[in-house]
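Trainee: One structure coming up, written as structure tokens, with questions to follow.
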Amino acid sequence: DAPRPYDDAAARAALIAGFERACAAGPLAEEPLYGCRFDVKWTGTSDDGEALAAKCRRGCRAAVLTGGARVVEEALESEIHCGLAHVGKLHGLLAKRRGRVVDEEPLEGTELFCVRARLPASGCAGFGAALLEWTQGAATAPLLAPAGFDVLEVDPFWSPSTEDEREEHGDLAVSVFAASNPARALVNAVRRRKGLALDERVLAKNAEAQKGNARIKA
């Protein structure tokens, strides 16, 4: 049967509802989406409003995965005063917690350096105590201030898929690469906290969708 005519206002409301549901809970960890745009082509349908909203939601979630989903995480910044002899230790601690140095300069008239650092929220737990330990008390315990969000440019589903990648990284089980993938670790941590199914049952299917799209692009 040909699609029956659909009231434009009702269809628009249903599509908006589906879009809002998809944006409120994305496919990786049922967290809100950020910085996404969807182009919806209306071709008519015989579905009622709720069915149309559900289809729109599923379509948006699938589009996020095939477009190459990335994790967005909260970031914090801090100014740390550290003795020159221990600046290297400070850099090592920041690297271990996936942090980075934004700015660094000596404090005039002293042997201290002022280091402005940016860290992901997940790397800030216990940072003050670790800083004192790593620098043997030569660095101040920092005050961490919210500094927006950063995109973690790591594919949460990455594993070697080409011959060159397997030669470079080894032809190991997907779980081996998942264990060292910070984006995958964040997704699993959020899903575990929410009581959602973990990657063995759900994310593996999403990974295939994302990897399949990557092969098509290549």
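The values are calculated or read from the model by the stated rules, or taken from the named source; none is laboratory data. The structure presented is a predicted model; accordingly, all values stated were derived computationally and were not measured. Note: ideal-geometry Cβ built from the backbone for every residue, glycine included; neighbour counts use all protein chains shown. Side chains are part of the model used for accessible areas, which takes the heavy atoms of the whole protein and leaves out ligands, DNA and RNA. Shrake-Rupley method; radii C 1.70, N 1.55, O 1.52, S 1.80 Å.
Trainee: How large is Rg over Rh for the stretch 43-129, taking Rg from the Cα atoms and Rh as the Kirkwood inverse mean of 1/r across Cα pairs?
Mentor: Taking Rg over the Kirkwood Rh, I get 1.39.
Trainee: Also: Rank these by accessible area, largest first, 1.4 Å probe: F113, F157.
Mentor: The ordering from most to least exposed comes out as F113, F157.
Trainee: Here's a follow-up. Report the extension gain between Y34 and R58 in nm, rounded to one decimal, defined as 0.36 nm multiplied by the number of residues separating them, less their alpha carbon distance.
Mentor: This chain segment gains 6.9 nm when fully extended.
Trainee: Got a sec to turn the phi values of the stretch 50-67 into Karplus ³J(HN,Hα) couplings, 6.51 cos²θ - 1.76 cosθ + 1.60 with θ = phi - 60°, whole Hz, x for Gly and Pro?
Mentor: Values, residue by residue: 5, 5, 5, 4, 5, 5, 4, 4, 4, x, 5, 5, 5, 5, 4, 5, 5, x Hz.
Trainee: Please give me the summed charge of the neighbours of V40: other residues whose Cβ is under 15 Å from its Cβ, Lys and Arg +1, Asp and Glu -1.
Mentor: +4
Trainee: Sticking with this structure for a sec: Where the eigenvalues come from the Cα gyration tensor of the stretch 103-148, what are the semi-axes √(5λ) of the equivalent ellipsoid, largest first, in whole Å?
Mentor: Taking √(5λ) for each eigenvalue gives 21, 15, 7 Å, largest first.
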